[in-house]
Amino acid sequence: MNFKIKTIRSKSMGVFASCILLSPTIEAKSTFSAALTNDFRVVAFTQQSISGTVTDNNGVLLPGATVKVQGTTRGVTTDFDGNFTIDAEADEVLEISYVGFQTQTLTVGAQTQYNIQLAADTSELDEVVIIGYGTQKRSDLTGAVSSVTSEEFNQGVVSNPGNLLQGKVAGLNVTNASGEPGAGQDIVIRGVGTLRSGTSPLYVIDGFVLDNSSNGVPTNPLNFINSQDIESINVLKDASASAIYGSRAANGVVVITTKKGKEGRTQMNFSASTAIATLANKIDVFSADEFRRVVQEIDGSLNDNGADTDWQDELTRTAITNDINFSMSGGTAKTSYFTSLGVNDQEGILNNSGLKRYSARANVSQKGLNDRLKVDINLSATRTEYDRPNIGNAVSNMLSLNPTTPAYTDGEPTVFGTGLNPLTFERIYGDFATNNRMIANISPSLEILEGLTYKLNLGVDYSKTDRDVQYIPYAEDPDFRLGSVNSTFTVNENQLVENTLNYTKEFGDHGLSLLAGHSYQKFFIHAKGYYIEDFPDNGIEPRYQLGGGKGEQSQYSNATKNELQSFFGRINYDFADKYLITATLRSDGSTKFGDNNRYATFPSVALGWNIFKEEFMADSGFNNLKLRASWGKSGNQEIPSKQTRLSYGESFADDDIYPLNDGVVNRDDYNYGLVFARTANPDLRWEETAQTNIGLDFGFLDYALTGSVDYFAKETTDVLLYFSTQDPVDEVGFKWQNIPGMKIKNSGIEVALDYQSDRSRDFSFNIGGNFSYIKNKIEDSPFTIVTTGTASGSGQTGATINGYINGEPIGNFYMREFLGIDEDGFNIFRDVNGDGQIDDSDRVSAGSSIPDLIYAFYFKFNYKNFDLALNFNGVSGNEVYNHTRMNLFNKTQISNSLNTTDQAIEFPNEDPNNSNTVSTRYLEDGSFLRLNNATLAYNLQPEALGLENWFQNLRLSVTGQNLFVLTDYTGFDPEINTGSSSDAKSFGIDYFTYPRARTVVFGLNVSF
């Protein structure tokens, strides 16, 4: 066959390829028709070269604007003079877009030259914001809602949505518990408003309400979400915005929206990145030479093994992370779709640590019945695999092991005379977990009458986690000779059924929107497990030979079921787009509470005034000026299940057992006795938070400068806590109760500012930031202190570090005040009450673990095809208790030939037997400023490479994460929280924390 085709575009290529298959002979030309046997014909296509110029309304040329043929992969960008040339056929539609301007379309006709003017994008106010059970234009919002789009997310290695938001929202404090891949996070909106561990906000993904319960792995339960699938995240901060979610909205609401297909735009995206991570900050323990000198100077017992070992280097590594994602999206007037696949393989900087995630998503939307029926389907499936080391063992060893001891001898880990070489421990210890999670929801909606729409939302969230913690038999050490495995299996089920009716109507200057709904959600969590020990040392891991365990065995299982039923409604009214009112009412019933208080009602009301639309503001220069005010209540039910119900258990204590017949005389043959495990409390009621908010939104200079200012005050009452009943008749003595009269108060101010220069120029920039100042206080507490964080270690286990104290902030440190070392070499503490004794009555409030100032700022620069983004965040006004320092960095350690830092010899006359008492000696300033991430990228022009028929965009980038931290804290990093706590939430304790990494990421993004 002889072909004479100069150019074949993607659309004609498909027809032409079909012809090859169907006919033995085809003659083809750039403008062609071919007669086919068997009555097949080819339609003739004619392409022409279209050229033009793109400007703004003022005639300013727009270089870098995108000109694309809708429904194809053909696209170009304008040159530095705003000119473009593209091949298109008659009746095809060109789509012209540019950042900061409204997208325009035109249909190709006989004309071949076009001058196109793009209008400035004023969608700052017309932007549709996802809120609870619906959407609103930003100009109509009356509540405090912050939005972060995918273009604004933090870049780099991201394990969960919390990392995307850090520093992006005023009033939102994101604290990573540690540097472990997928580590847990404390995400706090507008201050901590509860005493319990349930401080996290409510998460809603595509209309499905998640459960914050643990999934069986002590990491972040949101690790299953692939950040590449997220389109935007909205944070509902005040009661007006969040009260529609009622009982679980006291800590705020985070609404996550995943990507969807767009009409007339078919696109495929591929992204790949490789990251290199290393230990960001080594603690300055003594080198081998320093160690030898210091031990001798203090007359310690020197064990010199002749080596020079840096155990921080030996027990950490250069970690590699690979992330690959592929997505397809598109749509017509009736159907749209988005599908994606992703693989994330993240190594941790501690040996034997890492996270692997395999994710898939499909979002489909279909319209029918003349667009009156719409069906949305969202489906995601994720498999997450965790490898976790014994973090406490690794961190303790890397900081305290003798640096003169060699790590290896003859290629194998050195055998210690006492204790186990951590390199050997890494070989015998393993913590392996696999979580499989699927979330599916279908949401059909039907417009019954004009403006009246019914919507059904059905969803299920199923999560299953298998975890094995094992010790491989190791005959050389008696503590690990037998080997063991502890296996747990956890299943979380979450089912949701919601029905809503929404009515919208505009009549004249009046706008009205009514919402009524019912929600039912059921949660079922069941877990089981077993422990087996004494395995043969045959080279097979214990988890793979359960039948080989011959020693002690035990099993357990448990299950909890909770249900939540809600009725809710909302009214939105506006007059002339100037005066706005929103009123919300939600009634929730939860099986966590007794019959007397099962239901609670949460109202809210908000007012808004678009001042800039008033006639007297016509020449003010404001593009936006809106005053907002709101008040409302929300609830919290995050307590364990069944706490209102009577429960029994078995006991073999002397007072509880007895023989059931006269023939039993031996105590070991007695039957177990039945005892109270929990007494009933049908009066237990909801914890409630009332919040008031006053805010001002503004915009100047054609939206170049925008921002907001908010003042808020919230108060939590009927605080829930597990504490003593003070009832001598109550045989159990402790149960969950509402603390009478106690209040938790948070108040503060939030400011957000953003300036965007003229994006039509070769060089443009965007600068902005946010800060929030929060004042927190406990009032009318009947307790001296409610302990949250406690100490661990020899002679210190259970000692109070911080807690809740009347008149003080949440997380207040409560301990003895260290004054120095006396002439005998022992601690001097302040005698607060002057009784001549130092005891617990001499403890003082020594500062809070919660920062009172949270701030962030960013810089973005664009020059032609280059862009640079810098994101900083920081906190101030908080303290961190360096528990690691208390346990390791003391004179006792160094005198016994264990390594430490120069903090241990700060006082030359300190006695090595001086106790490591919880005190302000180990309390440090937790303030910091961090360069969170910096990204330098270059956008290649496909047409410049002759690849315009293959790719729409090619982007190369390099990102640095955690590039530097300015702080006075002496630990690995001040952003931590690894303290021990029980029912109450602890903050600001650094206890053998997994260190943070400094990471460099190389990325490639391709659109075609």
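Read-outs throughout are calculated quantities, based only on the coordinates presented, and are distinct from any laboratory measurement. These numbers were taken from a predicted model, which means no experiment stands behind them. Methodologically, a virtual Cβ is constructed for each residue, glycine included, from the backbone with ideal geometry; neighbour enumeration extends over all protein chains shown.
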As straight-line cross-link partners of LYS367, the qualifying aspartates and glutamates (C-alpha separation under 13 Å, not fewer than 8 residues apart within one chain) are GLU263, ASP376, GLU447
With a cut-off of 8 Å between alpha carbons and a minimum separation of six or more residues, what is the relative contact order of the chain in percent? 11 percent
About the Cα centre of the chain, what is the dipole size in debye to 20, counting +1 per Lys and Arg Cβ and -1 per Asp and Glu Cβ, all else neutral? 4140 debye
Using the Karplus equation 6.51 cos²θ - 1.76 cosθ + 1.60 (θ = phi - 60°), what ³J(HN,Hα) coupling, rounded to whole Hz, does each residue of region 349-366 give in order, writing x for Gly and Pro? 6, 7, 4, 6, 10, x, 9, 10, 10, 10, 10, 9, 9, 9, 10, 10, 10, 9
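Only counting other Cβ atoms within 10 Å, I'd like LYS864, LYS613 sorted with the fewest neighbours first.
Numbers: LYS864 13, LYS613 17.
Exposure proxy ranking, most exposed first: LYS864, LYS613.
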Please figure out what share of the DSSP beta bridges in the chain is antiparallel and state it in percent, rounded to the nearest 5. 95 percent
Within region 472-487, what residues put their amide N at less than 17 Å from the label point 7 Å along the Cα-to-Cβ vector of VAL415? 473-482
To test your reading of the geometry: what angle, between 0 and 90 degrees and rounded to tens, separates the Cα axis of helix 391-400 from the longest principal axis of the chain? 70 degrees
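Given the -39500 (n - 2.57) contribution per DSSP H run of 4+ residues, what per-residue ellipticity at 222 nm results for the chain, rounded to the nearest 500 deg cm²/dmol?
Computed ellipticity for the chain at 222 nm equals -1500 deg cm²/dmol.
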From the coordinates shown, Kirkwood radius over Cα pairs in Å corresponds to which of (i) 28.9; (ii) 32.2; (iii) 39.6: (ii)
Order by neighbour count: ARG196, ARG998, fewest other Cβ atoms within 10 Å first, most last. ARG998, ARG196
So, by mean Cβ neighbours within 10 angstrom, what's the order for 248-254, 929-935, 544-550, 663-669 with the highest one leading? 248-254, 929-935, 544-550, 663-669
Show me, for region 925-938, the HN-Hα J-couplings you get by feeding each phi into the Karplus relation (A = 6.51, B = -1.76, C = 1.60, θ = phi - 60°), rounded to Hz, glycine and proline as x. 5, x, 5, 7, 10, 10, 7, 5, 7, 9, 10, 10, 9, 10
Give me ASP683, ASP835, ASP238, ASP468 ranked fewest to most by other Cβ atoms within 10 Å of their Cβ, as a rough exposure proxy. ASP835, ASP683, ASP468, ASP238
If packing is taken as the average count of other Cβ atoms within 10 Å, what order do 471-483, 404-416 fall into, highest mean first? 471-483, 404-416
Using the Karplus equation 6.51 cos²θ - 1.76 cosθ + 1.60 (θ = phi - 60°), what ³J(HN,Hα) coupling, rounded to whole Hz, does each residue of region 860-877 give in order, writing x for Gly and Pro? 10, 10, 10, 10, 6, 9, 9, 9, 9, 10, 10, 10, 10, 8, x, 9, 8, x
Relative contact order (percent, whole number), region 353-446, Cα cutoff 8 Å, 6+ residue spacing: 39 percent
